[in-house]
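The values are calculated or read from the model by the stated rules, or taken from the named source; none is laboratory data. Small disclaimer: the values here were computed from a predicted structure and weren't measured. Methodologically, a virtual Cβ is constructed for each residue, glycine included, from the backbone with ideal geometry; neighbour enumeration extends over all protein chains shown.
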2 protein chains.
Amino acid sequence: MPSEHIVSSFDTDLKEISRRVVEMGGQAEQLVADSVQSLVKRDTELAQKVIVLDGPIDLLQREIEEKSVLTIARRQPLAGDLREIVAAMRVANDLERIGDLAKNTSKRVLALTGEFHPQKLVRGVEHMSSMVLEQLKEVLDAYASREDARAIEVWKRDGEIDVLYTSLFRELLTYMMEDPRNISLCTHLLFCAKNIERIGDHATNIAETVHYLATGQLLTEERPKQDTTSLTTVPFPS
Amino acid sequence: MPSEHIVSSFDTDLKEISRRVVEMGGQAEQLVADSVQSLVKRDTELAQKVIVLDGPIDLLQREIEEKSVLTIARRQPLAGDLREIVAAMRVANDLERIGDLAKNTSKRVLALTGEFHPQKLVRGVEHMSSMVLEQLKEVLDAYASREDARAIEVWKRDGEIDVLYTSLFRELLTYMMEDPRNISLCTHLLFCAKNIERIGDHATNIAETVHYLATGQLLTEERPKQDTTSLTTVPFPS
């Protein structure tokens, strides 16, 4: 029965692609957690590890892309199955970018050794990170279990992270104005906070992909975007 | 002759995909140029325009992805043709991100109205932008004409942009330390400079894709990465 044979090979391909995406998700999640830890604890050894471990994630993304394209070409999947593969490629793409952002945060840790480093400045970044990590974990679980409702919850909560980021941005600018010795550290923390906020955006992208996967529909509502830092300035205290 | 019919439909699909990528490239290039102009001239009207015009670029990316996937599924292309389509998807992906970065720069222009705004602070960003725009133009021409040598030139020059970015980063930190009234502006300029440096990275990605398209090989050498700003701090003058 050649047709059954084809169908079952296709299922094997599909499961293998999906399995690799989930594996990649686990690696990306760990990398984000480690990058934040390296920043909070000023752990340069952990930071170095994060920088190195971004490589395998990039590699996995290319493998998933390659395997996906070959599967589409060989198996000519129809709508539903095609959606599975396109979704896998999109999620892998977001995870690759998440890995890059974690790596960038850890690179900054290496820049900050020996800098004036009041612990309170880092606390806001840590708090924001824990929210983003929770979002990432949730959306990866939603992908693995194809749970649309869970993905939508993640999607809705992105606005809260943006609010937090905007307030952190103002806070860090204020610290810089209060004491110029904070400028170097706070600049790097601003970029770290931006990295983390963007990781949140990628989690939201993944939520949109899970929704598309589960329903075949695009999330057409406007995204609950509340990051207004590009519109934020802090007046110099007179 | 059904097989010729299939081949020619496939060619039509392929040309259409490639045409849309080139069109998208033109739009992204214009958006980057306009975003820099909006920053340098503090032109909020132009900035608003950039923010709106990022939308059609995102849409084009989705269309290219959709058309590519359907073409792979329907036509079952072999190696060379498959490479064409994968390359188109990758380039579209980079162009979409370039559009986002241009939009982010223009959003910051809106934040800076009324801010203390010494023209000299912006000049470094302007200079760096002109180099990046040149890179982007070159690599898009290389894609349109499938010229590997031209793509490799772009790829090699990315290091120069990174050097420029690192020096600009230090310069902006120094301005912040000299006069706290510069902090708000310089912070946004740092993010703008980072946006532009990342646009350069995406141009380098596209160069790698053109090389893969022209030769079937990956550029295996280590990328000439010289952005060390994540490792850069400026000591507070004592």
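Please enumerate the residues belonging to the stretch B:196-238 that are at pLDDT 65 or above and aliphatic (A, V, I, L, M).
B:ILE196, B:ILE199, B:ALA203, B:ILE206, B:ALA207, B:VAL210, B:LEU213, B:ALA214, B:LEU218, B:LEU219 - these are the residues of the stretch B:196-238 that are at pLDDT 65 or above and aliphatic (A, V, I, L, M).
Just to be sure before I move on: is A:THR113 surrounded by fewer than 22 Cβ atoms within 10 Å (Cβ to Cβ) and polar (S, T, N, Q) in the structure I sent?
Considered against the rule, which asks whether it is surrounded by fewer than 22 Cβ atoms within 10 Å (Cβ to Cβ) and polar (S, T, N, Q), A:THR113 comes out as yes.
I'm trying to understand the selection: among the residues of the stretch B:58-72, which are away from chain A (no Cβ under 12 Å) and surrounded by 22 or more Cβ atoms within 10 Å (Cβ to Cβ)?
Of everything in the stretch B:58-72, just one residue is away from chain A (no Cβ under 12 Å) and surrounded by 22 or more Cβ atoms within 10 Å (Cβ to Cβ), namely B:ILE64.
Name the residue, out of B:THR174, B:THR166, that is surrounded by fewer than 21 Cβ atoms within 10 Å (Cβ to Cβ) and more than 29 Å from A:ASN93 (Cβ to Cβ).
B:THR174
Which numbered condition trips up A:LYS41, out of (1) in contact with a Ser or Thr (Cβ under 7 Å, 6 or more places away or on another chain); (2) under 24 Å from A:LEU121 (Cα atoms); (3) not hydrophobic (A, V, I, L, M, F, W, C)?
The single condition A:LYS41 does not satisfy is (1).
Please go through the stretch B:108-148 and give me each residue that is within 20 Å of the chain's Cα centre (by Cα) and within 14 Å of chain A (Cβ to nearest Cβ), ordered by number.
Listed by number, the residues that qualify are B:ARG108, B:VAL109.
The conditions are (1) at positive phi; (2) crowded, with 19+ Cβ neighbours inside 10 Å, and A:GLY216 fails exactly one of them. Which is it?
The one condition A:GLY216 does not meet is (2).
If B:ARG42 meets every condition in (1) within 14 Å of another protein chain (Cβ to nearest Cβ); (2) at negative phi apart from one, which number is that one?
(2)
With the requirement that a residue be more than 22 Å from A:ARG123 (Cβ to Cβ) and among the aliphatic types (A, V, I, L, M), what does the stretch A:137-196 give you?
Selection gives A:VAL139, A:LEU140, A:ALA142, A:ALA144, A:ALA149, A:ALA151, A:ILE152, A:VAL154.
Name the residue that is farthest from A:LEU70 (Cα to Cα), counting only residues in the stretch B:45-82 that are in contact with a helix residue (DSSP H, G or I) (Cβ under 6 Å, 6 or more places away or on another chain) and touching a residue at least 60 places away in the same chain (Cβ under 8 Å).
The extreme case among them is B:LEU46.
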